[in-house]
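A.B. asks: Have a look at this one before I ask anything.
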């Protein structure tokens, strides 16, 4: 395993992803955040009954306490209001390894956000609103409040529930635990193999989304499976909410929503109507979960011998040859060995996103490089950003491979501009442009790519190799 490779929990614990799935946990990446978020609207329906009960009760209890204190408060800054504000202090909890930060830590709730939530929540409570999800509604009116903040809020409230879920899972998996103190309470948790001083909190697979509905009102309006009646009532009473773009617009719309209990509860109805199923981790169309199980078995089940390069320094020609062989093997796995199925959802109706395909390619390349003791690394950010392939051997020997889907609107520009920029930044002349054909690879695009490469060669400039991989669904032999 290379130092820059994404390291998942299953890889670090030496268990399979299937084992983690069997206990209902997500196989997060430990050296960067997995871009999934805990959504409080999913807590009720968690398949782990013990967790669902604990989480729902904790979530409701926290906001009932906040509401009671705000209702009790008689003037700004009194003890009841200060106590409510303290309960609204939600810091980032890094131990779940979920979120959108560039590394493994986020931001939490700042004092201005807490002030605004407390003020607006008190007004909502004064008109009779008691639903705990009113805080999610209020967050939608705040600038800079995205999925991370909603997830942070929920994670803070559920720390004890997540810790209990983690301990049960670890007991089943026979993973060792030790004492850690979280939120002032001692918990029995596993340690992070990459940072032994920190614990790990496992997260149930069915309480996360890739993009929680609490992002903005326009997203909710598109996601909501609303009845015509609700749509008409929303449009009639608070229709301006859809047109709220600026800070001033949002402030005015919030004032409108807070005028009556009926108006505000309409927003709550809309929020619930937009609730959908959790993120489908099995199909993982976004490629959030690194394919660790595939990486572990591919070199053994479909070996590729690069013994002539094993364990020694390579020159640029040798490194280029090694990468050529790895790409050829990847192409064969996709086209001849059934790996094309990993490019699509179960029903073969929707192709996975480009990031998922890049991660699949990287996992295959990593497996062969490890099996042959070759040096490689992701393009940047320890696998958190682009996850294309780079083989390096010292400062002067680098070979890049950039992967794109055939449907990428910037397919040609990726070759003519992006890849050349990468080569310049890395100080290399050798690169490969791998195109996964999932359909719609027009002859025009192919001609443009070919002409561009030919023009560079005719001008005496280095030109990256172009490799087309047929990733379209294949019929079984019995159906041909």
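A.B. asks: Condition (residue is assigned to a loop (DSSP other than H, G, I, E, B), modelled with pLDDT under 95 and assigned by TED's automatic domain parsing to the domain that holds residue 19) applied to segment 148-166: is it met by at least one residue?
C.D. replies: Within segment 148-166, not a single residue is assigned to a loop (DSSP other than H, G, I, E, B), modelled with pLDDT under 95 and assigned by TED's automatic domain parsing to the domain that holds residue 19.
A.B. asks: Out of 182, 134, 189, 88, report the one residue that is modelled with pLDDT under 95, over 23 Å from the mean Cα position of the chain (by Cα) and farther than 30 Å from residue 259 by Cβ.
C.D. replies: The unique qualifying residue is 182.
A.B. asks: Name the residues in segment 80-96 that are within 30 Å of residue 8 (Cβ to Cβ) and assigned to a helix (DSSP H, G or I), would you?
C.D. replies: Passing the criteria: 94, 95, 96.
Each row is one residue, and each column tells you yes or no for (1) within 15 Å of residue 298 (Cα to Cα); (2) without any contact (Cβ under 8 Å) to a residue 40 or more places away in the chain; (3) buried (at least 20 other Cβ atoms within 10 Å of the Cβ).
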{"residue": "336", "(1), (2), (3)": "yes, yes, no"}
{"residue": "360", "(1), (2), (3)": "yes, no, yes"}
{"residue": "366", "(1), (2), (3)": "yes, no, yes"}
{"residue": "370", "(1), (2), (3)": "yes, no, no"}
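A.B. asks: Checking the condition over 20 Å from residue 295 (Cα atoms), at pLDDT 85 or above, assigned by TED's automatic domain parsing to the domain that holds residue 307 and over 24 Å from the mean Cα position of the chain (by Cα), which residue from 405, 453 passes?
C.D. replies: 453
A.B. asks: Regarding segment 421-436, can at least one residue be identified that is more than 22 Å from residue 324 (Cβ to Cβ) and outside any helix (DSSP H, G or I)?
C.D. replies: Within segment 421-436, not a single residue is more than 22 Å from residue 324 (Cβ to Cβ) and outside any helix (DSSP H, G or I).
A.B. asks: Condition first: farther than 30 Å from residue 341 by Cβ, free of Cβ contacts under 8 Å to residues at least 24 places away in the same chain and in a helix (DSSP H, G or I). Now tell me which residues in segment 448-466 satisfy that.
C.D. replies: If the condition is that a residue be farther than 30 Å from residue 341 by Cβ, free of Cβ contacts under 8 Å to residues at least 24 places away in the same chain and in a helix (DSSP H, G or I), then 451, 454, 455, 456, 457, 458 are the ones that fit.
A.B. asks: In addition: When you scan segment 314-321, do you find a residue that is in contact with a helix residue (DSSP H, G or I) (Cβ under 8 Å, 6 or more places away or on another chain), at pLDDT below 90 and either farther than 30 Å from residue 39 by Cα or not assigned by TED's automatic domain parsing to the domain that holds residue 397 (or both), even just one?
C.D. replies: Scanning segment 314-321 turns up at least one residue that is in contact with a helix residue (DSSP H, G or I) (Cβ under 8 Å, 6 or more places away or on another chain), at pLDDT below 90 and either farther than 30 Å from residue 39 by Cα or not assigned by TED's automatic domain parsing to the domain that holds residue 397 (or both).
A.B. asks: State whether one or more residues within segment 228-250 are over 24 Å from residue 369 (Cβ atoms) and at pLDDT 90 or above.
C.D. replies: No - not one qualifying residue is present in segment 228-250.
A.B. asks: Determine, yes or no, whether residue 144 is over 24 Å from residue 51 (Cα atoms), modelled with pLDDT under 95 and touching a helix residue (DSSP H, G or I) at 6+ places or on another chain (Cβ under 6 Å).
C.D. replies: No; evaluated as a whole, the condition is false for this residue.
A.B. asks: Of the residues 71, 36, which single one is free of Cβ contacts under 8 Å to residues at least 60 places away in the same chain and either assigned by TED's automatic domain parsing to the domain that holds residue 208 or closer than 22 Å to residue 156 by Cα (or both)?
C.D. replies: Sole residue among the options that is free of Cβ contacts under 8 Å to residues at least 60 places away in the same chain and either assigned by TED's automatic domain parsing to the domain that holds residue 208 or closer than 22 Å to residue 156 by Cα (or both): 71.
A.B. asks: Given the conditions (1) surrounded by fewer than 18 Cβ atoms within 10 Å (Cβ to Cβ); (2) under 30 Å from residue 338 (Cβ atoms); (3) more than 27 Å from the chain's Cα centre (by Cα), and given that residue 431 satisfies all but one, which numbered condition is not satisfied?
C.D. replies: (1)
The values are calculated or read from the model by the stated rules, or taken from the named source; none is laboratory data. Just so we're clear, the structure is a prediction, and the values are computed from it rather than from any experiment. No Cβ is skipped: glycine too gets one built from the backbone with ideal geometry, and neighbour counts run over all protein chains shown.
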